[in-house]
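A.B. asks: The structure under discussion is supplied below as structure tokens; questions concerning it will follow.
The values are calculated or read from the model by the stated rules, or taken from the named source; none is laboratory data. In this text the structure is predicted, and so the values were computed from the model without any measurement. Backbone-built Cβ (ideal geometry, glycine too); neighbour counts: all protein chains shown. For accessibility, only protein heavy atoms count, side chains too; no ligands or nucleic acids. Shrake-Rupley method; radii C 1.70, N 1.55, O 1.52, S 1.80 Å.
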Protein chains: 4
Amino acid sequence: MIDPTRGARHYDVVAFVGSLRSGSYNRMLFNNVRRLSPANMAISELTGWDEWQTLDVDLLNDGIPDAVTAMAQRIAESDAVLFVSPEYNYSIPGGLKNGIDWLSRVSPQPFTGKVVGIMGASTGAIGTARMQYHLRQVLVFLDGHPVNKPEVMVGRAAKEFDGEGHLVSEFYRTQVTELLENLARQADRFKD
Amino acid sequence: MIDPTRGARHYDVVAFVGSLRSGSYNRMLFNNVRRLSPANMAISELTGWDEWQTLDVDLLNDGIPDAVTAMAQRIAESDAVLFVSPEYNYSIPGGLKNGIDWLSRVSPQPFTGKVVGIMGASTGAIGTARMQYHLRQVLVFLDGHPVNKPEVMVGRAAKEFDGEGHLVSEFYRTQVTELLENLARQADRFKD
Amino acid sequence: MIDPTRGARHYDVVAFVGSLRSGSYNRMLFNNVRRLSPANMAISELTGWDEWQTLDVDLLNDGIPDAVTAMAQRIAESDAVLFVSPEYNYSIPGGLKNGIDWLSRVSPQPFTGKVVGIMGASTGAIGTARMQYHLRQVLVFLDGHPVNKPEVMVGRAAKEFDGEGHLVSEFYRTQVTELLENLARQADRFKD
Amino acid sequence: MIDPTRGARHYDVVAFVGSLRSGSYNRMLFNNVRRLSPANMAISELTGWDEWQTLDVDLLNDGIPDAVTAMAQRIAESDAVLFVSPEYNYSIPGGLKNGIDWLSRVSPQPFTGKVVGIMGASTGAIGTARMQYHLRQVLVFLDGHPVNKPEVMVGRAAKEFDGEGHLVSEFYRTQVTELLENLARQADRFKD
């Protein structure tokens, strides 16, 4: 539980959902995140990064596009960043990575010092673990601070959501809640 | 050296250059690859993947775009695939990864059984090593067969190319040659 | 199936079992490997590496211990190497890695050019995936050629073995068989 | 610089040196760490882990050896843990990993919540980067909190130490100092 002595604090979390598919298990997982988030945490999805062109460093000579700058500003102002993403070809989806690549070019780099939560769902048993460790390595460079535990890796996702898209097992619902609590706790630790 | 008893064989290699920047060190490195390639190896760059939109699996219901199908066909017909790429944020550039993600959706998946060479250049000391190990993990899923050695990681690239973009050190020129030779040798091993 | 035109060939596989615990799931998995191996494949476990002291490079001045040299020789003569191992702390068990470190100091380095199969069992859902990708990276340096597929990751192992230690699901039994077949096939490819 | 308002605090850091070789570059690097450490930081090396036998989980039935328990206790009491280690075969030295594996079996697990610094030296260009990312993944499981920056990767080590074993370049001396400062700062953040 979030410490009640910190109860007055409100947490502003921005989120990336790495899958664009409308019926995606990661979209379902994110909907569960919203439903399970504590009252003092607002979770806002960042959208539009999928429409950014492939990063060409020459383009930076013309300045960073406004949409990138605005999203970077939004991240910089937030208390924490949440990634809810599938694994594509054993790594981070390329489009999501391209979004991160663009955002990392804004100065000040928006992920610096930011606490980060990671989760994902997949139809296989491994539950996006491989994507998550690659993303953790990316965050070393970006100087983000990912929460260690719980690692929310929803494997065999076809059996883990009911007809309304709700997580059916208490295990994963508890994990989601704990990750959000630990995200808030870690945000407190890295608040200057 | 490529075994003269296989001298009659011609190797058709397709290449991805992961950086779009015109003056990129990886573009320079690729130009050196062309210059140093053996007479019986043709190296064709695959271009246009940077213009593909972010993969949305729902889009696949409308069929794979022709450009993706055509590139997949070109890869499937080749003897080997070469990646010459920078490292963005300690991993594979997002745009390049998005290209791979699209191509992996074509059936038959074009990287299956394909031998692969990997190289990269960076201004820092590490020379894209982190990108290369992530790409190797991607290739486990895609069932590609990356050459182990030499690992061409051109660090401190600003000092490694002359005014004409030629690699200045014998060390890296030899590495490039050896990687191409080993690519041909491994292509022979995996030829059915 | 192993191609009958290669039926005359016999495959000599040496194996490391990374867990020392007598009732270990990886020991059980290895026993299934022996039971399921094709008639023309002999699988010999390499033992004793767990008694080697921590590698101290100064010790090499006194020469490599006989037990290390003998095991390296045995590996060099084999057609393929199989690792059946748990995951300790999200990576390779230290003792097994110490064995590999010692063996890598023998000249010629015994893993060079050797084809490799990897499998593992764990009580959690991830089934040693993290260990396996670390081991694959080690094999880049050692110039081994790990089989890509199938990746045998027996998760939730407590439910996957019966009272006699037999794999209960057809899925994993088939995977074990396929990995051994692909190991033989890849050994053919890398045979000079 | 360490914030003077925290000047009264003293930091107790325990360190693992992953190489046993007397003339090791990592031993030299650790000697520089001691020399460059701030006045309010004591750095104590943990020794003897290299004499522990290969972890066999059956042995745990007899209880954890006293030396392991004592070292775990020492880690638990410390403010931070420092790893100074070579890279063996593109990963963590097996002996050091075996030490970590043993320590992770003590309850309470001593690395939980501990902030961690990582550095290493190698004769090649990559400077132990591959070992460091594997160790970072291990620390996710152990719930340690590695400092992101600077990543101290002393490549081409033969040129980086003088006859007395001192780091010759200001660049690396500054990096060592900064890593220790950031270790103290992060220890403050994770102090309950």
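A.B. asks: Under a straight-distance cross-link criterion of Cα-Cα below 20 Å, which lysines are reachable from A:Lys159, leaving out those fewer than 8 residues away in the same chain?
C.D. replies: A:Lys159 reaches C:Lys159.
A.B. asks: In peptide C:120-129, how many Cβ atoms from other protein chains are near each Cβ within 10 Å, on average? Could the numbers behind the result be given before it?
C.D. replies: Values: counts 0, 0, 0, 0, 1, 8, 8, 4, 0, 7.
Per residue, the number of nearby Cβ atoms from other chains is 3 on average.
A.B. asks: Two-decimal Rg/Rh of the range C:47-130 from alpha-carbon positions, Kirkwood Rh? List each step's numbers first, then the result.
C.D. replies: Values: Rg = 14.0 Å, Rh = 14.0 Å.
Looking at the range C:47-130, the ratio lands at 1.00.
A.B. asks: Please turn the phi angles of the range A:61-75 into ³J(HN,Hα) values with the Karplus equation 6.51 cos²θ - 1.76 cosθ + 1.60 (θ = phi - 60°), one per residue in order, whole Hz, x for glycine and proline.
C.D. replies: 4, 8, x, 7, x, 4, 5, 5, 4, 5, 5, 4, 4, 4, 5
A.B. asks: Using unit Cβ charges (K, R positive; D, E negative) and no other charged atoms, how large, in debye to the nearest 20, is the dipole of the range A:95-192 about its Cα centre? Write out the running numbers ahead of the final one.
C.D. replies: On the way: 12 positive and 11 negative charges, 65 e Å.
Around 320 debye, computed over the range A:95-192.
A.B. asks: Roll a 1.4 Å probe over the protein chains and send me the accessible area per residue for the range D:11-190 in Å².
C.D. replies: Result: 34 Å² of accessible area for each residue.
A.B. asks: Please report the net charge: other residues with Cβ closer than 10 Å to the Cβ of D:Leu167, K and R +1, D and E -1.
C.D. replies: Working: positive: D:Arg35, D:Arg173; negative: D:Glu160, D:Asp162, D:Glu170.
My count for the surroundings of D:Leu167 gives -1.
A.B. asks: Okay, moving on. Tabulate in residue order the Karplus-calculated ³J(HN,Hα) for the range C:23-39, using 6.51 cos²θ - 1.76 cosθ + 1.60 with θ = phi - 60°, rounded to whole Hz; enter x for Gly and Pro.
C.D. replies: Result, ordered by residue: x, 4, 5, 6, 5, 4, 4, 5, 4, 5, 4, 4, 5, 8, 6, x, 4 Hz.
A.B. asks: Next up: Mind checking which chain D residue has its Cβ closest to the axis relating D to A, and how many whole Å off it is?
C.D. replies: D:Arg189, 2
A.B. asks: Pairs of Cα atoms under 8 Å, at least six residues apart: use those to get the relative contact order of chain A, whole percent.
C.D. replies: On the way: 324 pairs, mean separation 47.8, N = 192.
After rounding, I find 25 percent.
A.B. asks: Here's something else I'd like to know. Quick one: with label points 7 Å out along Cα→Cβ, list the inter-copy distances for C:Pro65 in nm, shortest first?
C.D. replies: Once sorted, the set of distances for C:Pro65 reads 1.4, 5.9, 6.0 nm.
A.B. asks: Report the calculated FRET efficiency for A:Ser107 and B:Ala70 (r = Cβ-Cβ distance, R0 = 30 Å), to the nearest 0.05.
C.D. replies: Result of the calculation: an efficiency of 0.15.
A.B. asks: Report the relative contact order of the range A:14-64, percent, no decimals, based on alpha-carbon pairs under 8 angstrom and at least 6 residues apart.
C.D. replies: Values: 21 pairs, mean separation 20.7, N = 51.
41 percent.
A.B. asks: For the ranges B:85-98, D:39-52, what's the packing order if you count other beta-carbon atoms within 10 Å of each residue, average per peptide, and put the highest first? It would help to have the intermediate numbers written out before the result.
C.D. replies: Details: B:85-98: 26.2, D:39-52: 15.4.
Listed from highest to lowest mean packing, they are B:85-98, D:39-52.
A.B. asks: If you line up the Cα atoms of the protein assembly as shown on their principal axes, what length do they span on each, largest first, in Å?
C.D. replies: Projected onto the principal axes, the Cα atoms of the protein assembly as shown cover 74, 61, 61 Å.
A.B. asks: Specify the inter-centroid distance of the range D:40-60 and the range D:138-184, based on alpha-carbon positions, in whole Å.
C.D. replies: 22
A.B. asks: Put a point 7 Å out from Cα along the line to Cβ at B:Ser44; what are the distances to that point in the other copies, in nm, shortest first?
C.D. replies: 4.9, 4.9, 6.7
A.B. asks: HN-Hα J couplings of the range B:43-60 from phi, Karplus 6.51/-1.76/1.60, θ = phi - 60°, integer Hz, Gly and Pro as x?
C.D. replies: 10, 10, 7, 9, 10, x, 4, 5, 9, 6, 6, 4, 4, 10, 4, 4, 4, 5
A.B. asks: For C:Leu55, enumerate residues with amide H under 5 Å from its amide H, sequence gap 5+ or separate chain, H modeled in the peptide plane.
C.D. replies: Long-range HN contacts for C:Leu55: D:Gly95.
A.B. asks: Taking beta carbons within 10 Å but only from partner chains, what does the mean come to for residues D:54-62? Provide the component values of the computation, followed by the final result.
C.D. replies: Numbers: counts 14, 9, 7, 8, 6, 2, 1, 1, 0.
What the average comes to for D:54-62 is 5.
A.B. asks: At a probe of 1.4 Å, how much accessible area disappears from chains C and D on forming the pair, both sides counted, to the nearest 100 Å²? Please list the in-between numbers first.
C.D. replies: On the way: alone 9460 and 9480 Å², together 16240 Å².
Counting protein atoms only, the buried area is about 2700 Å².
A.B. asks: Which distances, shortest first and in nm, link A:Gly165 to the matching position in the other copies, using label points set 7 Å out along Cα to C-beta?
C.D. replies: Inter-copy label distances (nm, one decimal, shortest first): 4.8, 4.8, 6.1.
A.B. asks: Show that you can apply the helix-only estimate: for chain A, add -39,500 (n - 2.57) for every DSSP H stretch of four or more residues, divide by all residues, and state [θ] at 222 nm to the nearest 500. Walk me through the numbers before you get to the answer.
C.D. replies: Numbers: 5 runs with 69 residues, N = 192.
Here the helix-only value at 222 nm equals -11500 deg cm²/dmol.
A.B. asks: While we're on this one: Provide the net charge surrounding A:Ser19, with neighbours chosen by a C-beta distance below 11 Å and charges set as Lys +1, Arg +1, Asp -1, Glu -1.
C.D. replies: Here the charged neighbours net out to -2.
A.B. asks: Which order, highest average first, do C:145-153, B:107-115, B:123-131 follow once you tally other Cβ atoms within 10 Å for each residue and take the mean per peptide?
C.D. replies: Details: C:145-153: 20.7, B:107-115: 18.1, B:123-131: 22.3.
Per-residue Cβ counts within 10 Å, averaged per peptide and sorted highest first, yield B:123-131, C:145-153, B:107-115.
A.B. asks: Over the range A:11-190, what lengths in whole Å, largest first, do the semi-axes of the equivalent ellipsoid take, defined as the square roots of 5 times the eigenvalues of the alpha-carbon gyration tensor?
C.D. replies: Values: eigenvalues 137, 68, 40 Å².
Those come to 26, 18, 14 Å.
A.B. asks: Enumerate the lysines that B:Lys114 could reach by cross-link, defined here as Cα to Cα under 26 Å, with residues fewer than 8 away along the same chain left out.
C.D. replies: Once the sequence-local lysines are set aside, what remains near B:Lys114 is A:Lys97, B:Lys97, B:Lys149, B:Lys191, C:Lys114, C:Lys149, C:Lys191.
A.B. asks: Same structure again: What does the average come to when, for each residue of peptide B:82-92, you count the partner chain Cβ atoms lying within 10 Å of its Cβ? Before the final figure, lay out the partial values.
C.D. replies: Values: counts 0, 0, 0, 0, 1, 1, 11, 16, 10, 10, 8.
Partner Cβ neighbours, averaged per residue: 5.
A.B. asks: Sticking with this one: According to a simple spin-label model (label point 7 Å from Cα along Cα-to-Cβ), what is the distance in nm between A:Arg21 and C:Glu178?
C.D. replies: Result: 2.0 nm between the two label points.
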